């Protein structure tokens with residue numbers, strides 16, 4: 001299995017890390033390290049997270065990490081990390 005991080009994911013992650021680093025640089029580093037460890041574990045267990053809430057296709061999955069949702073897609077031997085965001089209820 002190969003993991004590919006899409007540009008939209010990379011850009012969103014950079015924005016999140018900058019935001020976290022404004023408060024504490026070490027927290028941003030720890031967030032990224034822990035997230036990368038979770039992503040790497042997908043190689044062994046690509047379907048370990050539930051089907052995506054945002055797509056009706058079983059290939060799309062939602063991983064959660066410290067309040068953030070990471071959407072990824074499993075296609076054959078490729079895992080594409082598509083997006084990361086924090087869902088907020090704005091009622």
Practice item. Take every Cα pair under 8 Å in the chain that's 6+ residues apart, average their separations, divide by the length, and report that relative contact order as a whole percent. Key: 33 percent
Review point. By how many degrees, between 0 and 90 and to the nearest 10, does the Cα long axis of helix 7-23 differ from the longest principal axis of the chain?
Key: 30 degrees
Point to revise | Equivalent ellipsoid dimensions for the chain as semi-axes, Å, which come from the Cα gyration tensor, largest first | key: 23, 16, 11
Point to revise | Principal-axis tilt of helix 25-41 within the chain, Cα atoms, nearest 10 degrees | key: 10 degrees
Review point. Using helices alone, what [θ] at 222 nm do you get for the chain, with -39,500 (n - 2.57) per DSSP H run of 4 or more residues, divided over all residues and rounded to the nearest 500?
Key: -12500 deg cm²/dmol
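Read-outs: derived from the displayed coordinates by stated rules, not from any lab. Predicted model, so just to flag it, every value in this text is computed and none were measured.
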